[in-house]
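Shown next, in structure tokens, is the structure this report addresses.
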Amino acid sequence: MKRFDGKAIAMTIRAYLKKRVLREKLSPKLVVFSVKPDEQGSSFIATKQKATIDLGGHFELITYKRTPRFEDFARNIFRITHDIKTTAVVIQKPLPPALDTSTIYSYVPENKEIEGHKAKTNFCPPIALAALTPLKYHLLAGNKSQAEDLIFDMDKDMRELKKIIKKRKIVVIGRGETGGRPITDFFTKHKINFIGVNSTTPDPERFYQEADIIITAVGKKILTPSVLKHGVILISIGLHRHKDFWQGDYDEVEIKDTASFYTPTPGGVGPLDIAYLMYNLVQATRLQKNS
């Protein structure tokens, strides 16, 4: 059993990005749009704010306490994203149903939409890269101390990783818009074979029991040793409160003797998700500076 330290790797990546911002004299600015955020959403936004400021960037939060008209919301997004000082934009999910449409991203320029929601995008979804990084760390050989080697390289690492996992059974649990869906969309786009399981899947345990790799994005305890193959790799994206503590989609104490490798919660995929958002923020700023 190996426990993945996502927090340490994320800190290494963010330190590298901070040096790059200073060396290249970049001025990243992240603007986050949020509509009626709940406690968890506000916590996620605060984490993005802290990471941006730690990077040496600027952060602006635009919050709506009431649901605006779609036209007003879109007009404001268009105006702010086309400001030359704004180098990246995040539209915080979830959104109210009246605003929750993919067309909202048509108001954001491709070089500033850093979460990879647009059909034509310059960026990979941070959550997908965060889910792949533990697999790279565990399955690929190479230096694991330098940030340049820890960051998931879409050309080299994707090619090598696909060779290794080609004959392994991968299950992705969940289809939420901030977890399961971007990962399954990413896997489909890059021709990574997987089985998608959700709340309507009959007898899902039969897929869990045969899986070599499980990526779970549910937000409640769903996996126990009784439904897992010995030696399985577990990556938890889902998050929920349990007795005043954050917990993933499995109990780490329960699965540690069954899984060969797993991500903890907190300190697993979450810090990497933020690190890759900052990576995309820096890339967006560089692209705009050099255009």
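Every number here is computed from the coordinates shown, using simple stated rules; none is lab data. This one's a predicted model, so the numbers in the text were calculated from it and none came from an experiment. When we count neighbours, we look across all protein chains shown, and the Cβ atoms used for this are built from the backbone with ideal geometry, even at glycine.
If segment 16-118 were replaced by its equivalent ellipsoid, with semi-axes equal to the square roots of 5 times the Cα gyration tensor eigenvalues, what would those be, largest first, whole Å?
24, 16, 11
Any of Lys7/Lys85; Lys144/Lys166; Lys18/Lys144; Lys50/Lys289; Lys112/Lys144 with alpha carbons more than 25 Å apart? Name them for me.
With Cα atoms farther than 25 Å apart: Lys7/Lys85; Lys112/Lys144.
With just the Cα atoms defining each centre, how far is segment 233-264 from segment 21-69? Give it in Å.
What the calculation gives is 28 Å, centre to centre.
Cβ neighbours within 10 Å, averaged per peptide: list 239-245, 152-158, 276-282 in order, most packed at the top.
The densest-packed peptide leads the list: 276-282, 152-158, 239-245.
As an exercise, take the mean of 1/r over every pair of distinct alpha carbons in segment 194-291, invert it, and state the Kirkwood radius in angstroms.
15.0
Using the per-residue mean of other Cβ atoms lying within 10 Å as a proxy for protection, in what order, highest first, do the peptides 111-118, 192-199 fall?
Result, highest mean Cβ count within 10 Å first: 111-118, 192-199.
Please report, ordered by residue number, every helix of the chain (full DSSP H runs) that is 30 Å or longer along its axis going by C-alpha atoms and whose mean Kyte-Doolittle hydropathy reaches -0.5.
Once both thresholds are applied, what remains is 269-290.
Restricting to the chain, what percent of DSSP beta bridges are antiparallel, rounded to 5?
10
Give the Cα extents of segment 54-167 along the principal axes, in whole Å, largest first.
For segment 54-167, the Cα extents along the three principal axes come out at 51, 35, 24 Å.
Apply the Kirkwood formula to the chain: the hydrodynamic radius equals the inverse of the mean of 1/r over all pairs of different alpha-carbon atoms; give it in Å with one decimal.
19.7
Stokes-Einstein diffusion coefficient for segment 126-269 at 37 °C in a medium of 0.692 mPa s, Rh from the Kirkwood formula over Cα pairs: what value in µm²/s?
The calculation lands on 213 µm²/s.
Suppose we keep just the DSSP beta bridges with both residues in segment 126-269; what percent of those would be antiparallel, to 5?
20
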